[in-house]
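The values are calculated or read from the model by the stated rules, or taken from the named source; none is laboratory data. Quantities reported herein were computed from a predicted structural model and do not represent experimental measurements. Note: ideal-geometry Cβ built from the backbone for every residue, glycine included; neighbour counts use all protein chains shown. Heads up: the accessible areas ignore ligands, DNA and RNA and are worked out on the full protein's heavy atoms, side chains in. Shrake-Rupley method; radii C 1.70, N 1.55, O 1.52, S 1.80 Å.
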Amino acid sequence: MNRTIMRAFEALDHISLADGGLSLKEITDRLNIPKSSAFNIVQTLVELDLVSESQYNHKKYVLGTTTYKLGMKYLENLNFIDVCKLYLNPLADELHRNCFVGILDKNKVLYVHKHVGLGAKLATCEVGTRQELYYTGLGKVLLAYLQPDKLNHIVSEINFMKKTNNTIDNVSDLYKELEATRSRGYAVDNREVEEYMLCFAAPIFNYAGECIAAISISDMFSNDIDFDYYGQRIKEVGLKISEKLGYRVKSS
């Protein structure tokens, strides 16, 4: 493997994960190479417009427009549902549950993909179905990651109705549930739609960090289910799909 190319890629990677960009010294320190070597790499990247000086701080380097063009070209060649199927369907087969993909459609969740996992007992909701946001796992995820003004607007128009004894039926409890969803990184529909159904859902993020969809696994409720295990599994798959779509976890 060519060392110079590898270092150039590492420089791009570090810059992409840093809010506000990196200085030459910071790049030098993170690559653990001489300052002269880092300077040559950065200047080449600048000439190719893969990085550029930050408009807010000329001593910092940020990603250039060429990286954006390359990233958008990559995303154009992806089929969103196919990417979801690649990671989600095997999980459903492994866990013997059904899986779904949903997107926000005005004030409802629209189901755009369904796969009946091997050995799954239930097969609710067909593709094209629209459900309420406040009592579905998919819907809770889509609400949880909305901008506050849009979230408040949608919630203000919800006409809460009890589907089961467990269904959330007021604004206060819904906001608490959405806060818990963000904290865990996944949502739970614990027999809120049907008395016997349990669902775990997680977000899908795009390259800009926006939640563009939600994925879920669901099947029969049982008393011995480890909630966090299933929640973490769907969360992990959501992250894999997000990364395939260009999402990167920000470094602290």
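If you check 61, 56, which single one turns out to be surrounded by 15 or more Cβ atoms within 10 Å (Cβ to Cβ), more than 20 Å from the chain's Cα centre (by Cα) and aromatic (Phe, Trp, Tyr)?
Within the list 61, 56, the selection yields 61.
Note down all Cβ pairs under 6 Å where the first residue falls in the stretch 136-162 and is open to solvent by 30 Å² or more (accessible area, probe 1.4 Å), the second is of a type in the set (A, V, I, L, M, F, W, C), and they're at least six residues apart or on different chains.
145/211
Return the total of residues in the stretch 177-203 being assigned to a strand (DSSP E or B) and either open to solvent by 20 Å² or more (accessible area, probe 1.4 Å) or among the hydrophobic types (A, V, I, L, M, F, W, C) (or both).
The qualifying residues number 9.
Checking the condition within 20 Å of residue 103 (Cβ to Cβ), of a type in the set (A, V, I, L, M, F, W, C) and touching a helix residue (DSSP H, G or I) at 6+ places or on another chain (Cβ under 9 Å), which residue from 171, 249, 141 passes?
141
Step by step: first the residues of the stretch 163-176, then only those that are in a helix (DSSP H, G or I) and aliphatic (A, V, I, L, M), then the one that is surrounded by the fewest Cβ atoms within 10 Å (Cβ to Cβ). Which residue is that?
For the stretch 163-176, the residue satisfying everything is 171.
Which one of these is in contact (Cβ under 8 Å) with a residue 24 or more places away in the chain, open to solvent by less than 30 Å² (accessible area, probe 1.4 Å) and not in a strand (DSSP E or B): 216, 242? Steps first, please.
On the way: 216 fails: not in a strand (DSSP E or B).
After applying the criteria, what remains is 242.
Identify, please: which residue in the stretch 126-135 is in contact with a strand residue (DSSP E or B) (Cβ under 7 Å, 6 or more places away or on another chain) and open to solvent by less than 70 Å² (accessible area, probe 1.4 Å) and is, among those, farthest from residue 106 (Cα to Cα)?
Checking each candidate, the answer is 135.
Look through the stretch 67-82, keep the residues that are within 19 Å of the chain's Cα centre (by Cα) and of a type in the set (Phe, Trp, Tyr), and return whichever of them is modelled with the lowest pLDDT.
74
Among the residues of the stretch 220-230, are any under 29 Å from residue 121 (Cα atoms), open to solvent by less than 10 Å² (accessible area, probe 1.4 Å) and either modelled with pLDDT of 90 or more or not polar (S, T, N, Q) (or both)?
So in the stretch 220-230, the residues under 29 Å from residue 121 (Cα atoms) come out as 220-230.
Checking which are open to solvent by less than 10 Å² (accessible area, probe 1.4 Å) leaves us with none.
Within the stretch 220-230, none of the residues are under 29 Å from residue 121 (Cα atoms), open to solvent by less than 10 Å² (accessible area, probe 1.4 Å) and either modelled with pLDDT of 90 or more or not polar (S, T, N, Q) (or both).
Has the stretch 39-48 got any residue that is under 27 Å from residue 243 (Cβ atoms), within 29 Å of the chain's Cα centre (by Cα) and open to solvent by 40 Å² or more (accessible area, probe 1.4 Å)?
no
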